[in-house]
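Worksheet for the structure shown next.
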C-alpha cells in the first residue's frame with residue numbers, strides 16, 4: 001500500500017506583537033515633564049505645588065494627597081504648566097480615582113479569611129513571656145523618661161481656622177501659638193514669636209493652590225510641622 005505524506009505545516013503568515021497597556025495618568029504627566037526636560041524642583045517653583053505632591057501625582061498615589069478638590073486643583077495647574085489638555089487630564093483622574101475607590105470598597109466588603117492556629121502555653125513559655133513583658137515595660141519607661149526631656153513642641157494654628165480653605169482674597173493671615181522657647185518658620189522663613197509664644201504673619205496668595213508649611217522648633221532641635229493649603233478661586 002502506497003501512503004502519500006503531505007506537508008502538514010502551514011507557512012507562518014502571522015507575527016506576534018506586544019500590545020502595550022494604556023498609560024496611567026501619572027505616566028502621562030511624568031513622560032510629558034521629561035519630554036520638556038523639566039525637573040520636579042523646577043515644576044515645584046513654577047506651580048507652587050510641593051515636590052512630594054508632584055511625586056504622588058506621577059505615581060498615582062492618591063492616598064498620599066489631600067482631598068479630591070485639591071487634587072483636581074493640582075492637576076489643573078500641573079497640566080497647564082506642561083501644556084496638556086486640562087479637561088482631558090481631569091476627566092482621566094476622575095475615572096482612575098473612581099476605580100481606586102471601588103477597589104478599596106470591595107476590599108472592605110470581602111476581607112480575606114484569617115486562619116487562627118491554636119497555641120498551647122507551657123510553663124517555660126509563660127516565664128519567657130513574663131521576662132519579655134518586663135523588658136518591654138522597662139524599655140518603655142526609659143524611653144518615656146528620655147523623650148520627656150526633648151519632646152516636640154506644641155504648635156497650634158488659630159488662623160486660618162482650617163488646614164484646607166478656599167478664598168477669593170489675595171492675602172491671608174497665618175497666626176497661632178507655640179512653646180515659649182521655640183522658634184517658628186513659614187515655608188523655611190523665620191517669623192517673629194512674642195514672649196508668650198504667639199505669632200502671626202500676613203502672606204500674599206497666588207491664584208490656584210497655595211501650600212504653607214508652618215514649623216516650630218524647640219531648643220532640643222525637635223520639630224512640629226503643620227501644612228496649610230489655601231485655594232484662591
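When you go through 84, 90 one by one, which is the residue that is without any contact (Cβ under 8 Å) to a residue 60 or more places away in the chain and not in a helix (DSSP H, G or I)? Please lay out each step first, then the result.
On the way: 90 fails: not in a helix (DSSP H, G or I).
Result: 84 is the single residue among 84, 90 that is without any contact (Cβ under 8 Å) to a residue 60 or more places away in the chain and not in a helix (DSSP H, G or I).
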Within segment 25-63, considering residues that are closer than 13 Å to residue 84 by Cβ and in a loop (DSSP other than H, G, I, E, B), the one farthest from the chain's Cα centre (by Cα): 36
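Restricting attention to segment 185-204, report how many residues are over 22 Å from the mean Cα position of the chain (by Cα) and closer than 21 Å to residue 52 by Cβ.
Restricting attention to segment 185-204, the residues satisfying the condition of being over 22 Å from the mean Cα position of the chain (by Cα) are 189-204.
Imposing the further condition that a residue be closer than 21 Å to residue 52 by Cβ reduces the set to 189, 203.
Of the residues in segment 185-204, 2 are over 22 Å from the mean Cα position of the chain (by Cα) and closer than 21 Å to residue 52 by Cβ.
For segment 152-167, give me each residue that is under 16 Å from residue 229 (Cβ atoms) and surrounded by fewer than 17 Cβ atoms within 10 Å (Cβ to Cβ).
At the first step, the residues of segment 152-167 found to be under 16 Å from residue 229 (Cβ atoms) are 157, 159-167.
Scanning segment 152-167 gives 159, 161, 162, 163, 164, 165, 166, 167.
This table checks each residue for (1) surrounded by 14 or more Cβ atoms within 10 Å (Cβ to Cβ); (2) in contact with a helix residue (DSSP H, G or I) (Cβ under 7 Å, 6 or more places away or on another chain); (3) under 24 Å from residue 187 (Cβ atoms); (4) at pLDDT 90 or above.
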| site | (1), (2), (3), (4) |
| --- | --- |
| 7 | no, no, no, no |
| 34 | no, no, no, yes |
| 42 | no, no, yes, yes |
| 64 | no, yes, yes, no |
| 70 | yes, no, yes, no |
| 79 | yes, yes, no, no |
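The values are calculated or read from the model by the stated rules, or taken from the named source; none is laboratory data. Just so we're clear, the structure is a prediction, and the values are computed from it rather than from any experiment. Virtual Cβ from ideal backbone geometry, glycine too; neighbours counted across all protein chains shown.
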